[in-house]
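Only one structure is covered here, and it is reproduced in the block below.
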C-alpha cells in the first residue's frame with residue numbers, strides 16, 4: 001500500500017494527526033480533515049483512494065458525509081469509525097454504502113486489513 | 001428509590017456522552033503509544049533523532065490522561081447526585097458540572113457552552129439530581145434552538161439572601177425577551193418544572209434569535 005492516498009476525517013485532532021503519522025510511517029500518503037465540510041473539499045481536490053470517516057462529528061455527521069460521497073463518488077471506499085458502544089451507526093453506514101466500520105480505540109493492523117479489503121472490493125476482486 | 005423513565009433517560013444520555021468522550025481519550029492515548037512504538041520499530045535506527053516528536057507525543061498523552069481523569073471524576077460525582085433526595089448543594093458546582101457534561105451535545109450543534117461562575121458560593125438546600133436534570137433540560141432546549149457558531153452562557157446569581165437564580169442567555173440576548181420560571185418545592189413541582197423546561201421548545205420559535213431563561217430557586221424551601 002505504498003503511496004496509497006488515505007483521507008482521515010475526525011474532529012479529534014490529536015487522534016487523527018497521530019493516526020495519519022502512523023500510516024505515513026507505513027508508506028501511505030495520509031491526509032486529515034477535521035470536519036465533514038473539509039473532508040468533502042479534500043475529496044474533491046486530493047482524490048483519496050480510501051476515506052476513514054468518524055461517524056460522530058459536529059456539523060455534517062459522518063453518515064451525512066458518507067451519503068454525499070456515495071452520491072458523487074460511489075466507487076470511493078469509506079470505512080467508518082465509531083466511538084459509540086453499539087454497532088447501530090456502523091450497520092446503518094454499511095447500508096448506506098460504507099465498505100466497513102471499526103470501533104475506537106483502533107488496532108492499526110485491523111485498520112490496514114480493512115483498508116486492503118475495501119480496496120479489493122472496490123476493484124471488484126476477492127480479498 | 002423510584003426512578004422514572006425520564007430520569008433514567010437523562011442519566012443514560014449523560015453517561016453515554018461521557019463514555020463516548022472517554023473512548024476518544026483512550027483512542028488518542030492508544031495511537032500516541034502506537035506512534036512511539038512505530039518510531040522505535042519502523043523508523044530510523046536512532047530513536048534519539050525523534051526526541052522532539054517523542055516529547056510532543058508524551059505531552060499529548062499527559063493531556064489526554066488529565067482529560068480522562070476529569071471526565072471520570074465528573075461522571076462519578078454525577079452518578080452520586082441522586083444519593084440524597086434533599087441536601088445542600090453549591091449551585092456554582094452544579095452549573096459547572098452540568099455545563100462540562102453537556103459540552104459534547106453543544107459541540108455537536110457547533111455551539112460554545114460556557115459557565116460564568118461567581119467567586120462566592122451559592123448554597124441551596126434542594127434535590128441535587130433534579131437540579132442537574134432541570135439545568136440540562138434548559139441547556140438542551142436552548143441548544144436545539146441555537147444557530148451554529150453561537151455561544152450559550154449559564155450563570156448562577158444570588159439576588160438576595162433568600163433566593164438564587166440560574167440565567168441562561170444565548171449570545172446577544174435581550175433581557176427584555178426573557179422567560180422566567182422556577183421555585184420548585186416538592187416532587188410534583190419538580191416534575192412540572194422539568195416538563196416546563198421540555199415544553200419550552202414548543203413555545204420558543206426556532207431561529208427566533210437570542211433567548212434568556214431564568215430559573216429562580218428559594219435557597220431553603222423547607
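Readers should treat all values here as calculations from the given coordinates under stated rules, not as data from a laboratory. Computed from a predicted structure; not experimentally measured. As a convention, Cβ positions derive from the backbone with ideal geometry for all residues, glycine included, and neighbour counts pool all protein chains shown.
Data overview
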read-out: Sorted by Cβ density within 10 Å, fewest first, the residues B:80, B:93, B:132; value: B:80, B:93, B:132
read-out: Extension gain (nm, one decimal) between residue A:121 and residue A:68, 0.36 nm per residue minus Cα-Cα; value: 17.1 nm
read-out: Shielding of A:99-107 by partner chains, average beta-carbon count, 10 Å; value: 3
read-out: The stretch B:5-80, relative contact order in percent, only Cα pairs under 8 angstrom and at least six apart counted; value: 45 percent
read-out: Length-normalised contact order for chain A - Cα pairs under 8 Å, 6+ apart - percent; value: 20 percent
read-out: Burial order of peptide ranges A:96-105, B:51-60, A:65-74 (average beta-carbon count within 10 Å, highest first); value: A:96-105, A:65-74, B:51-60
read-out: Exercise: per-residue mean of other protein chain Cβ atoms within 10 Å, A:10-18; value: 6
read-out: For A:82, B:73, order by how many other beta-carbon atoms lie within 10 Å, fewest first; value: B:73, A:82
read-out: Global geometry of the stretch B:30-169, whether rounded, prolate or oblate, following the gyration tensor of its Cα atoms and the 1.5 cut on a/c; value: prolate
read-out: Per-residue mean of C-beta atoms belonging to partner chains within 10 Å, peptide A:31-41; value: 0
read-out: Between the stretch A:29-65 and the stretch B:90-152, the alpha-carbon center distance in angstrom; value: 31 Å
read-out: Cα-based shape type of the stretch A:13-127, given that a ≥ b ≥ c are square roots of the gyration tensor eigenvalues and the cut on a/c is 1.5; value: rounded
read-out: Cα gyration tensor category, rounded, prolate or oblate, for the stretch A:7-63 with a/c compared to 1.5; value: oblate
read-out: Mean residue ellipticity (222 nm) of chain A, computed from DSSP H runs ≥ 4 via -39,500 (n - 2.57), nearest 500; value: -14000 deg cm²/dmol
read-out: Gain on full stretching of the segment that runs from residue B:77 to residue B:55 - 0.36 nm per residue minus C-alpha separation; value: 4.6 nm
